[in-house]
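> Have a look at the structure that comes next, please.
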């Protein structure tokens, strides 16, 4: 079997999240030695798309704490999760991060 690398792991994450297998995708993420920005973005986006808003924001917060570059796509996913939770305070915090990142 070929050795797994970040690209193969991210491809697996993409397929799993596309089919709503988020718990399996999370297990794959945890098994990765060094998940990259793409890996984390996939999880935040997928959690938000599948109405697992608290988990999306938890991952978003973890990415911010780990000093990942927060992209426009990631901000959109986080704001989507906020709207699902109707969490106006978090929207304000994310807006402040967006303003700082410009």
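> Would the stretch 83-98 turn up any residue that is over 13 Å from the mean Cα position of the chain (by Cα), on the phi < 0 side of the Ramachandran plot and buried (at least 20 other Cβ atoms within 10 Å of the Cβ)? Spell out the reasoning first.
Start the filter on the stretch 83-98 by keeping residues that are over 13 Å from the mean Cα position of the chain (by Cα), which leaves 83-98.
Then drop every residue that is not on the phi < 0 side of the Ramachandran plot, which leaves 83-85, 87-98.
Narrowing the set further to residues that are buried (at least 20 other Cβ atoms within 10 Å of the Cβ) leaves 94.
Yes, the conditions are met somewhere in the stretch 83-98.
> Mind checking whether some residue in the stretch 44-51 is exposed (fewer than 14 other Cβ atoms within 10 Å of the Cβ), touching a residue at least 12 places away in the same chain (Cβ under 8 Å) and over 9 Å from the mean Cα position of the chain (by Cα)?
Applying the first criterion (exposed (fewer than 14 other Cβ atoms within 10 Å of the Cβ)) to the stretch 44-51 yields 51.
Adding the requirement that they be touching a residue at least 12 places away in the same chain (Cβ under 8 Å) leaves 51.
Next, from what is left, pick out any that are over 9 Å from the mean Cα position of the chain (by Cα): 51.
For the stretch 44-51, residues exposed (fewer than 14 other Cβ atoms within 10 Å of the Cβ), touching a residue at least 12 places away in the same chain (Cβ under 8 Å) and over 9 Å from the mean Cα position of the chain (by Cα): present.
> Would you check if residue 67 is at positive phi, outside any helix (DSSP H, G or I) and either touching a helix residue (DSSP H, G or I) at 6+ places or on another chain (Cβ under 8 Å) or surrounded by 13 or more Cβ atoms within 10 Å (Cβ to Cβ) (or both)? Can you show your working first?
Values: at positive phi: yes; outside any helix (DSSP H, G or I): yes; either touching a helix residue (DSSP H, G or I) at 6+ places or on another chain (Cβ under 8 Å) or surrounded by 13 or more Cβ atoms within 10 Å (Cβ to Cβ) (or both): no.
No; evaluated as a whole, the condition is false for this residue.
> Could you pull out the residue among 27, 10 that is within 23 Å of residue 76 (Cβ to Cβ), in a helix (DSSP H, G or I) and at pLDDT 95 or above?
On the way: 27 fails: within 23 Å of residue 76 (Cβ to Cβ).
Just one listed residue meets the conditions, 10.
> Right, residue 59: surrounded by fewer than 18 Cβ atoms within 10 Å (Cβ to Cβ), part of a helix (DSSP H, G or I) and either touching a helix residue (DSSP H, G or I) at 6+ places or on another chain (Cβ under 7 Å) or at negative phi (or both) or not?
Numbers: surrounded by fewer than 18 Cβ atoms within 10 Å (Cβ to Cβ): no; part of a helix (DSSP H, G or I): yes; either touching a helix residue (DSSP H, G or I) at 6+ places or on another chain (Cβ under 7 Å) or at negative phi (or both): yes.
Against the criterion (surrounded by fewer than 18 Cβ atoms within 10 Å (Cβ to Cβ), part of a helix (DSSP H, G or I) and either touching a helix residue (DSSP H, G or I) at 6+ places or on another chain (Cβ under 7 Å) or at negative phi (or both)), residue 59 does not qualify.
The values are calculated or read from the model by the stated rules, or taken from the named source; none is laboratory data. Note that the structure is predicted; figures quoted are calculated from it, not measured. As a convention, Cβ positions derive from the backbone with ideal geometry for all residues, glycine included, and neighbour counts pool all protein chains shown.
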